[in-house]
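Read the structure below first, then the notes.
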Amino acid sequence: MQLEALLGLYLVKWTSLHRNVNLSYGAAPHKPVLLLTLLDLFDKGSLQKNFIAVSPELVAAFRFYWQALVPANTWQERIAYPFRHLTHEGWWELIKDGAPVSTKSIGDVTSIGQLLRKVDGARFADDLWMLLQDKVARAALRQRLIERYFAEQDARHPALVLPTLPADPLAAEAERLVTEAQTRRFRLVTTKTESESDVAFVRHSLFPRVVKALYEDTCAVCRLAVRTERGRTLVDAAHIVPFSESQNDDPRNGLALCKNHHWGFDQGWFGLRDDYSIIVSPALRNVTPFLIADTAAYLPPLTQYAPAKEALAWHRANRLI
Ligand SMILES: [Zn+2]
């Protein structure tokens, strides 16, 4: 089929998406938001092959569009819904271990965690994939999505003002995470509902990047700060209360530690007091120079991101041997 005819076909398909209807909020915005996101990732060259992974970058980009286009306190921001239900449109197939999976075997999914257990990603029908290589076609599809699904419902988003994705949606999300941690009260444990949200998925992937940056890639114990010009470093971002226990990716539940000190901390060979001095476990032998008791740990230059005292107390009570 000629490109123009194909575009005509998909303009119709993309403007007649099957959507859930809610009496209060109208038709669900999830599918158009996901399609806008995918078009942007195409434009940025992030989709090089016909396989759309459920990646932190995709979810961060989806979040950006969601927040720009969907009124707050209406629909739940869940990328799992459109990712799963686009299969009903006839040009979107879910993939697991390199092979298509039937939607029947997948059943319902309500969170990104559930989705990831059942699929690795999705692919477009071949003709749509071919069409999407064309920049003009993408622009036309994008324009029509905005007009059809978002323009009339809110005068603040007229058709011609299209949101533009930040150059790096993950960096934008990392910035938000850091800003929020300045004002939000620290909570030791995140609830299950929160931990299954899209934002938790993105932020979990960002935790190492954010913590290492706050500590300027410096081990909090020995202050080693070796890094390469390409940004590789010796430090890890350690969770103070392990993620498996807390689902907590707040930077204040983090410490930058070199590999040796990360190991020792997780084993409970040492801990930190509320004044951030180092306590060495009495069970340890041949401690120096690995640890020097009572010395001060290195803290992030922005002190509001220093470890939360509740987290350090948890570690002392539950890990220190
Ligand atoms: Zn160290």
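A compact table of results
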| read-out | value |
| --- | --- |
| Residue (of SER195, PRO251, ALA225) at the positive-pole extreme of the range 164-263, dipole from beta-carbon charges | ALA225 |
| Accessible area of the chain divided out per residue, in Å², using a probe of 1.4 angstrom | 50 Å² |
| Fraction of accessible area attributable to carbon and sulfur, the range 1-135 (%, probe 1.4 Å) | 52 percent |
| Relative packing of peptides 112-123, 16-27 - highest average C-beta neighbours within 10 Å first | 112-123, 16-27 |
| Folded to 0 to 90 degrees: helix 135-145 orientation relative to the chain principal axis, Cα | 90 degrees |
| Mean separation of Cα contacts under 8 Å (6+ apart) over length of the chain, as relative contact order % | 15 percent |
| Accessible surface of the range 154-253 [probe 1.4 Å, protein heavy atoms]: carbon and sulfur percent | 54 percent |
| For SER244, net neighbour charge (Lys/Arg +1, Asp/Glu -1) across residues whose Cβ lies under 14 Å away | -1 |
| Stokes-Einstein D (µm²/s) once Rh is taken as the Kirkwood radius of the range 200-309 over alpha-carbon pairs, at 20 °C in 1.002 mPa s | 151 µm²/s |
| Whole-Å distance, taken between Cα centres, linking the range 74-94 and the range 1-52 | 10 Å |
| Dipole axis of the chain (+1 Lys, Arg; -1 Asp, Glu on Cβ), positive-most option in ALA237, GLY45, PHE270 | PHE270 |
| Hits among lysines - C-alpha to C-alpha of LYS118 under 25 Å, sequence gap 8 or more where chains match | LYS31, LYS49, LYS96, LYS104, LYS192 |
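The values are calculated or read from the model by the stated rules, or taken from the named source; none is laboratory data. These figures come from a predicted structure and were not determined experimentally. Using ideal geometry, Cβ is built from the backbone for each residue, glycine included, and neighbour counts are taken over all protein chains shown. Side chains are part of the model used for accessible areas, which takes the heavy atoms of the whole protein and leaves out ligands, DNA and RNA. Shrake-Rupley method; radii C 1.70, N 1.55, O 1.52, S 1.80 Å.
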